[in-house]
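Trainee: Would you mind keeping the following structure in view while I ask a few things?
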Amino acid sequence: MTNATMIVTCSGGTYFDRDYYVDVHLPLALARWQKHGLEGAAAFFPRDADAVDVSVGIYRFRDESALHAALASAETDAIMDDIPRFTDAKVSRIIGAPL
């Protein structure tokens with residue numbers, strides 16, 4: 001089995017609370033999606049204060065079917081509803097698997 005990765009970028013917006021994202025949102029995603037195969041999550045922030053992307057989240061799943069099961073689950077609503085608590089940036093998701 002090959003792990004699958006979801007990369008989530010937040011771009012633009014007028015605010016982004018890094019502490020909330022790391023201390024609350026990532027643990028929320030882990031708690032809700034772990035039973036569907038989420039194995040880990042990490043946050044990265046650009047060094048350049050003028051960067052278009054204000055954050056990059058990396059969510060690693062057991063495999064691609066686990067990733068899609070997590071996104072289709074009822075738990076996803078709670079995770080998406082949490083986004084306005086830390087940002088008004090545009091959120092984009094990219095799904096990939098190792099080559």
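The values are calculated or read from the model by the stated rules, or taken from the named source; none is laboratory data. Because the structure is predicted, anything quoted here is derived from the model rather than measured. Note that each Cβ is placed from the backbone with ideal geometry, even for glycine, and that neighbours are counted across all protein chains shown. Only protein heavy atoms, including side chains, enter the accessible area calculation; ligands, DNA and RNA are left aside. Shrake-Rupley method; radii C 1.70, N 1.55, O 1.52, S 1.80 Å.
Trainee: Search the structure for amide H atoms under 5 Å from the amide H of G40, placed 1.01 Å from N in the peptide plane, and list their residues when 5 or more places away or on another chain.
Mentor: Correct list: R60.
Trainee: A further question on this structure: For segment 1-95, just the Cα set please: Rg and Dmax, both in angstrom.
Mentor: 13.0, 40
Trainee: Could you work out the local net charge near I7, counting Lys and Arg as +1, Asp and Glu as -1, over the other residues with Cβ closer than 12 Å to its Cβ?
Mentor: Residues close to I7 contribute a combined charge of +1.
Trainee: I'd like the carbon and sulfur percentage of the solvent accessible area for the chain, probe radius 1.4 Å, heavy atoms only, ligands and nucleic acids excluded.
Mentor: Carbon and sulfur atoms account for 54 percent of the accessible area of the chain.
Trainee: Let me ask you something else. So, by mean Cβ neighbours within 10 angstrom, what's the order for 59-65, 43-49 with the highest one leading?
Mentor: Top of the packing list down: 59-65, 43-49.
Trainee: Any idea how far the Cα center of segment 1-32 sits from the one of segment 40-99, in Å?
Mentor: Using only Cα atoms to place each centre, the spacing works out to 5 Å.
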